[in-house]
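First the structure, in the form of C-alpha cells, and then the observations on it.
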Protein chains: 2
Amino acid sequence: MSKEKAGEVTTKQRLMEAAEELFANEGFESVSVREITSRAGANVAAVNYHFGSRTGLVNAVIERYIEPMNQERLRQLTALERRGEASVEEIVETFMRPFAKLVSRSELSERLFAKLMGRTFGGGVALLPESVVVSFGELARRYRKAFGKVLPGLSDADCYWRLHFMVGAMVHTLAHGDMLQKVTGGRCGNPGIDEVLGRCIRFVAAGIREGVDAEPAGKRAGKTVKKVAAKPQEEFDF
Amino acid sequence: MSKEKAGEVTTKQRLMEAAEELFANEGFESVSVREITSRAGANVAAVNYHFGSRTGLVNAVIERYIEPMNQERLRQLTALERRGEASVEEIVETFMRPFAKLVSRSELSERLFAKLMGRTFGGGVALLPESVVVSFGELARRYRKAFGKVLPGLSDADCYWRLHFMVGAMVHTLAHGDMLQKVTGGRCGNPGIDEVLGRCIRFVAAGIREGVDAEPAGKRAGKTVKKVAAKPQEEFDF
DNA sequence: GTCTATAAAGTGATAGAC
DNA sequence: GTCTATCACTTTATAGAC
C-alpha cells in the first residue's frame with residue numbers, strides 16, 4: 001500500500017498471480033498458502049501480511065476480476081440498447097464475452113483464465129465474497145430488464161431460471177472444456193475459447209427465446225425495431 | 001464383504017451415507033475422514049479398512065449412483081426410440097430425469113441428492129474415477145447417435161458441444177439452485193426439483209435444436225456454417 | 001471388524017528479530 | 001516488508017492389540 005513504483009512488481013502482485021494460476025488449475029480449496037508463497041518466491045508469512053488471511057487472498061483474487069467484468073457487462077449492455085432494439089444473441093453476448101477482455105489483466109493464458117472464471121462459480125455461493133453476490137444480484141435485475149424489453153412474454157421466474165441455466169452452461173464450458181475433450185476422445189474438435197463461446201451464445205439464446213413468441217423480427221444483428229403490444233402485467237423495482 | 005444380514009445396516013453402508021450427506025453439503029474435497037467417521041458413528045480407521053483410502057470412499061460414493069443412473073438413461077432412451085420417432089425434448093428428458101429415480105436408493109432428501117449429483121461434475125475431470133469417464137464417453141456417443149437421427153443436420157462437433165452445455169446447465173441447476181435464490185432474493189420463485197428440471201429440459205432442447213430445424217444454414221457472425229444436406233464426410237465408430 | 005495409539009506430514013496463523 | 005521459528009491443530013494412514 002505504501003511503496004509502489006511504476007513498473008515494479010510488488011510481492012502482493014506476485015502473490016495474486018501465483019494464486020490465480022494455482023486456483024485455476026486446482027480449485028480454490030485445494031491450494032495451500034505454502035504452495036502459493038513458494039511459487040511466488042515470497043515468504044510463507046507474506047499472504048497473511050498482505051491479505052490478512054488465506055480467505056482474504058481468495059476474495060482479493062475473485063473481486064479483482066469479477067467486479068470489472070460485471071461493470072464491462074453493464075457497459076456493453078447499455079451501449080447495445082442505445083443502438084436500438086437488441087437481439088437475444090447480442091444481449092447474451094454482452095454477458096459471455098466480457099471475460100475475454102479481462103484476460104489481458106492477468107499473466108494467465110486465455111484457457112487458464114477461463115478455468116479460473118469457471119471455478120469461481122463452480123464452488124458455490126459459500127465461496128463467493130458477499131460483494132460479489134450483491135454485484136450479481138444487480139446484474140440479474142439488469143439483464144432481466146433487458147430481456148423483458150425484447151421478450152415481453154417472458155415471466156420473471158422464467159427469465160431468472162434461464163439466466164441461471166445460461167450461467168451453468170457458461171461456467172461448465174469455461175471450467176471443464178477439457179472434460180468434453182476427454183469424454184469424446186476429441187470428436188468435439190479443438191476450437192478456441194472464442195468459437196466455443198460463440199457456440200454457447202447461440203445455444204443459450206435459443207433456450208432463452210424458447211416458447212416466447214414476441215420478439216422483434218431481426219433474429220441476429222437485425223435492427224428492425226418492431227414494438228410488440230406492451231404487457232405491463234408485472235411491476236418490479238427495476 | 002463377509003457378514004451381511006438382511007435388514008442390517010453395516011458400517012460400510014453407514015459410512016457411505018454419512019459421506020454422501022457431507023459431500024453434498026460441502027463438496028468432495030472439503031470433508032475429512034474424521035468428519036465422516038464421526039457422523040457415521042464409526043471408528044476413524046473404518047474408512048481405510050473398508051475403502052482402502054479416502055479416495056476409495058469418494059469413488060465408491062460416485063460410482064454407486066453414476067453407473068445405475070447412466071444405465072437408466074440408456075434404458076429410457078432405447079425405450080423411447082422403440083416407441084417411434086422421438087422429440088428433442090423427450091431425448092433430453094431421458095438424460096435429465098433419471099437422477100430423480102435414484103433418490104430412493106439414498107437416505108438423502110431430493111434436494112441434497114441433487115446437490116450431490118451436481119457436485120460430482122462441478123469438481124472437474126480430475127475428481128472422477130476413470131470408470132465414470134468411460135461411462136460418460138459411451139453415453140455421449142449414444143446420445144449423439146440419438147440426436148443425429150432426429151436432427152440429421154447437426155454435426156458431430158456441434159452435437160457434442162451442445163451436450164456439454166446441457167450438462168453444464170443441469171449440473172449448475174442441481175448443485176447451485178440456492179445461488180439463484182440468494183442472488184434474485186427469491187424473485188425466481190421456489191419451485192421443486194421436478195419443475196426446475198422441466199424448465200431446464202425446455203431450455204436445453206431449444207438450444208440443441210437451434211439453427212437445425214428452422215433454417216438450412218446457420219446465419220451466425222462469421223464462423224463455421226454447417227451444411228444441412230447429407231454430409232458423410234466424417235465417419236465414426238458408432 | 002473394531003479399536004487405540006501413533007506416525008509423519010501438512011495446515012493457517014503469528015510473535016518477534018531484522 | 002521480509003524473515004525465521006514456532007504454535008496449535010488437523011490431515012490421511014497404519015501397526016498392532018483385542
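The GNM of chain A, with springs linking C-alpha atoms under 10 angstrom apart, assigns the highest mean-square fluctuation among A:Phe147, A:Phe203, A:Phe23 to A:Phe203. Go through A:Leu15, A:Ala46, A:Ile36 and say which Cα lies farthest out towards the positive end of the charge dipole of segment A:1-52; charges sit on Cβ, +1 for Lys and Arg, -1 for Asp and Glu. Going by the charge dipole, the pick is A:Ala46.
For a paramagnetic label modelled on A:Ser109 (point 7 Å from Cα along Cα→Cβ), amide N atoms under 15 Å away belong, within segment A:8-45, to A:21-22, A:24-26. Spin-label model, B:Asp194/A:Glu130: points 7 Å from Cα along the beta carbon direction are separated by 3.8 nm. Shown for A:Met117, A:Met170: other C-beta atoms within 10 Å of each C-beta, ranked fewest to most, produce the order A:Met117, A:Met170.
Placing +1 on the Cβ of every Lys and Arg and -1 on the Cβ of every Asp and Glu, with nothing else charged, gives the protein assembly as shown a dipole about its Cα centre of roughly 760 debye.
Structural descriptor for chain A: relative contact order 23 percent, calculated from alpha carbon pairs under 8 angstrom and at least 6 residues apart.
Each copy carries a label point for A:Val133 at 7 Å from Cα toward Cβ; from one copy, the others' points are 3.5 nm away, ordered from shortest.
For the pair A:Glu29 and A:Asp213, a Förster radius of 56 Å applied to the C-beta separation gives a FRET efficiency near 0.80, rounded to the nearest 0.05. Classification of segment B:1-52 by its C-alpha gyration tensor yields a prolate form. The axis ratio a/c (a ≥ b ≥ c) is 1.5 or more, and a/b outweighs b/c. Sequentially through segment B:72-87, phi angles give Karplus couplings (6.51, -1.76, 1.60; θ = phi - 60°) of 4, 4, 4, 4, 5, 5, 4, 4, 4, 5, 5, 6, x, 5, 9, 8 Hz, Gly and Pro residues having no value and appearing as x.
Here the Karplus curve 6.51 cos²θ - 1.76 cosθ + 1.60, taken at θ = phi - 60°, turns the phi angles of segment A:144-159 into couplings of 4, 4, 4, 5, x, 5, 7, 10, x, x, 8, 6, 4, 4, 4, 4 Hz, with x standing for Gly and Pro. When the charge dipole of the protein assembly as shown is built from unit charges on Cβ atoms (+1 for Lys and Arg, -1 for Asp and Glu) and taken about the Cα centre, the candidate among B:Gly177, A:Phe113, A:Ile208 whose Cα reaches farthest toward its positive end is A:Ile208.
Using 0.36 nm per residue and subtracting the Cα-Cα separation, the extra length available between A:Arg83 and A:Glu63 on full extension is 4.2 nm.
On the basis of the beta-carbon distance and an R0 of 41 Å, A:Thr11 and B:Arg54 show a calculated FRET efficiency of 0.70. Mean per-residue shielding of peptide B:186-196 is 3, counting Cβ atoms of other chains within 10 Å of each Cβ.
List the aspartates and glutamates whose Cα lies under 19 Å from the Cα of A:Lys101, skipping any in the same chain that are fewer than 8 positions away. Result set, ordered by chain and number: A:Glu17, A:Glu20, A:Glu21, A:Glu63, A:Glu67, A:Glu72, A:Glu89, A:Glu90, A:Glu93, A:Glu110, A:Asp194, A:Glu195. Shortest first, A:Ser30 label-point distances to identical copies amount to 1.5 nm, with the label point at 7 Å from Cα along Cα→Cβ. Distances between equivalent label points of A:Ala45 across the copies, with each point positioned 7 Å along Cα→Cβ, amount to 4.2 nm, shortest listed first. Net charge dipole, segment A:63-235: roughly 420 debye, given to the nearest 20, about the Cα centre with Cβ charges of +1 for Lys and Arg and -1 for Asp and Glu. Under 5 Å between amide hydrogens, built in the peptide plane, is the criterion, and for A:Ala42 it picks out nothing among residues at least 5 positions away or on other chains. Between A:Ser38 and A:Lys145, full extension at 0.36 nm per residue minus the direct alpha carbon distance yields a gain of 33.9 nm.
No value in this document is a laboratory result; all are computed from the given coordinates. What you see is a predicted model; the values in this text were computed from it and never measured. All Cβ positions, glycine included, derive from the backbone under ideal geometry; neighbour counts span all protein chains shown.
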